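These notes are about the structure you will find just below.
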Amino acid sequence: LFLPSRQYKSTSQTTTTYKDTKKKQKTMESIHPSHRSLTVKSFKVMDVLQRANQLEASGRTIYHCEVGQPESGAPKNVAQAAVSALTGSPSEARMGYTDAFGLKPLRQKISEYYKTKHVDVPEERIGLDRVVITTGSSGGFLLAFTACFDTGDVVAVASSGYPCYRNILQALGCDLANVPINDDFKLTAAELRK
């Protein structure tokens, strides 16, 4: 975001002139949402959650069934580790940037878990270099879809599935091919051939 420059006094204090204020106002008026952002439909469950939160804030009793958020909270040892990471001594604190793919020890544990759980999958397909830690599923989808698809690619999406697939793919400029699911609520090669 470009904001106009300001004049500085010799005391290093900022002085904003009337002209700068008008420039800033004009700059802000000329900023519009991207065409891409206007073509992506909202994620309906978040719309429902927003309205439910508004009603709850107004005093209504709300039973949240709109998102798959656990009510149990984090396990005690995980919560304690988070507190230590945030408040501990510099040797205990783990705040700051990680490697781009995430903490290596965590990635190693995840790789080991999948190697023991999926013994029929070749080991090189679930090695450490194939594990990426993200802050949530949407970030993971964005990385995966960006790595796999280009603008204009046609991507088959099940008619019933996670809505964010559609939202993210459309935001990336992909065209969607809606594929009906079968009577077992699955998408198989047979449905893709139709």
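The values are calculated or read from the model by the stated rules, or taken from the named source; none is laboratory data. Treat the numbers as computed from the prediction; the structure is a model and nothing was measured. Reconstructed Cβ throughout: ideal geometry from the backbone, glycine too, with neighbour counts over all protein chains shown. Keep in mind that these areas ignore ligands, DNA and RNA; they rest on the heavy atoms of the full protein, side chains included. Shrake-Rupley method; radii C 1.70, N 1.55, O 1.52, S 1.80 Å.
Within the stretch 51-74, can you find the residues that are over 22 Å from the mean Cα position of the chain (by Cα) and part of a helix (DSSP H, G or I)?
The answer is Q54, L55, E56, A57.
Kindly indicate the residue of the stretch 37-47 that is surrounded by 10 or more Cβ atoms within 10 Å (Cβ to Cβ) and of a type in the set (S, T, N, Q) and also farthest from Q170 (Cα to Cα) among those meeting that condition.
S42
Anything in the stretch 48-74 that is open to solvent by less than 100 Å² (accessible area, probe 1.4 Å) and modelled with pLDDT of 90 or more? List them, or say none.
V48, L49, A52, N53, Q54, L55, E56, A57, S58, G59, I62
State yes or no: is A85 touching a Lys or Arg at 6+ places or on another chain (Cβ under 6 Å) and at pLDDT 70 or above?
Yes.
Tell me yes or no: at least one residue of the stretch 92-106 is more than 26 Å from Y165 (Cα to Cα) and small (G, A, S).
yes
For the subset of the stretch 75-104 comprising residues that are in a helix (DSSP H, G or I) and of a type in the set (V, I, T), which member is most open to solvent (accessible area, probe 1.4 Å)?
T87
Go through (1) in contact with a Leu (Cβ under 6 Å, 6 or more places away or on another chain); (2) over 21 Å from L192 (Cα atoms) for A158 and report which single condition fails.
The failed condition is (2).
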